[in-house]
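Laboratory data are not the source of any read-out in this text; all were calculated from the coordinates shown. Nothing here was measured: the structure is a model prediction, and the numbers come from that model. Methodologically, a virtual Cβ is constructed for each residue, glycine included, from the backbone with ideal geometry; neighbour enumeration extends over all protein chains shown.
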Amino acid sequence: MFIDTHCHLSREDYDDIDKVIKEDIEAGVDKIVVSGCSRESIDEVMKLRDKYDIVYVTIGYHPEYADNVREKDLDYLKRLLSEKKVVGIGEIGLDYHYTKENRDKQIWLFEEQLKIAEEFNLPVVIHSRDATQDTINTLKKYRVKGIIHCFSGSLETAKMYISMGFLLGIGGVVTFKNSKLKDVVKEISLEFIVLETDSPYLAPVPYRGKVNSSKYLEYIAKFISDIKNISVSELAEITSKNASCLFDFNK
Ligand code: NI
């Protein structure tokens with residue numbers, strides 16, 4: 001029924017991943033796209049991919065590692081991209097929330113990975129925080145498609161990304177009382193939306209502040225289906241189809 005297009009699943013955050021996966025399946029989750037975005041977490045998610053049928057992966061270096069990633073790390077990434085169930089590159093992007101001082105390095109790392117996405121013809125999962133304009137300008141230089149993960153921008157920004165061929169990843173933030181995201185989602189056609197949790201972060205209401213998990217997708221889906229005035233199962237069908245068109249789950 002549901003596809004979680006972006007989350008993290010690490011022993012650092014969950015004591016018993018077997019149990020987490022079992023509960024996800026019971027809650028109607030068909031596929032979980034787990035992101036490995038550091039050298040260590042890439043190795044970890046590749047093991048999860050082998051262990052659980054439901055797990056697919058995207059791998060890539062998050063902008064927070066921009067100061068540490070070297071050419072050899074990019075070569076390592078390339079070696080893994082052809083493997084089974086590796087369905088995309090990410091999360092990659094720009095994050096100026098804590099610092100903009102290494103902007104050039106962040107853009108370098110982002111561009112190197114966009115070139116790899118072009119080369120391997122794989123979709124990208126984009127992380128962009130306080131960096132909308134640079135993200136748009138950088139993406140425009142490459143022929144890539146993908147998801148703007150954890151989208152929480154304005155309607156104008158949403159329309160810009162959609163015009164560039166991107167989908168919007170909508171997660172728990174849409175359920176937050178003070179979030180304006182619901183007003184944006186209301187105006188956006190469902191053909192451009194995919195569901196995500198970004199677990200273990202950003203749990204939806206009524207679990208806000210708790211450890212998130214893909215099983216809470218149903219709360220996000222319920223909230224969006226109410227906004228859109230359709231049933232949860234219709235919403236699940238449309239958003240899962242969007243995800244399946246982007247990611248090759250037969251890989
Ligand atoms: Ni994430």
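Structure summary
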read-out: Where a residue in region 91-120 is at positive phi and its partner, wherever it lies, is in a helix (DSSP H, G or I), with Cβ under 7 Å and at least six apart; value: Gly93/Pro63; Gly93/Phe110; Gly93/Thr135
read-out: Count of region 212-236 residues which are more than 27 Å from Lys19 (Cβ to Cβ), assigned to a helix (DSSP H, G or I) and without any contact (Cβ under 8 Å) to a residue 40 or more places away in the chain; value: 3
read-out: Residue check for Tyr76: in a helix (DSSP H, G or I), of a type in the set (Ser, Thr, Tyr) and under 29 Å from Ser244 (Cα atoms); value: yes
read-out: Enumeration of residues in region 1-32 that are out of contact with any His (no Cβ under 6 Å at 6 or more places or on another chain), under 24 Å from Glu83 (Cα atoms) and within 16 Å of the ligand (Cβ to nearest atom); value: Ile3, Asp4, Thr5, Cys7, His8, Leu9, Ser10, Ile32
read-out: Given (1) within 16 Å of the ligand (Cβ to nearest atom); (2) farther than 30 Å from Met1 by Cβ; (3) not in a helix (DSSP H, G or I), number of the condition Val87 does not satisfy; value: (2)
read-out: Residue satisfying all of: in region 107-157; within 16 Å of the ligand (Cβ to nearest atom) and polar (S, T, N, Q); farthest from Lys84 (Cα to Cα) among these; value: Ser152
read-out: Exclusive hit being more than 16 Å from the ligand (Cβ to nearest atom), farther than 16 Å from Asp134 by Cα, in contact (Cβ under 8 Å) with a residue 40 or more places away in the chain and surrounded by 15 or more Cβ atoms within 10 Å (Cβ to Cβ), set Leu195, Leu190, Leu167, Leu181; value: Leu190
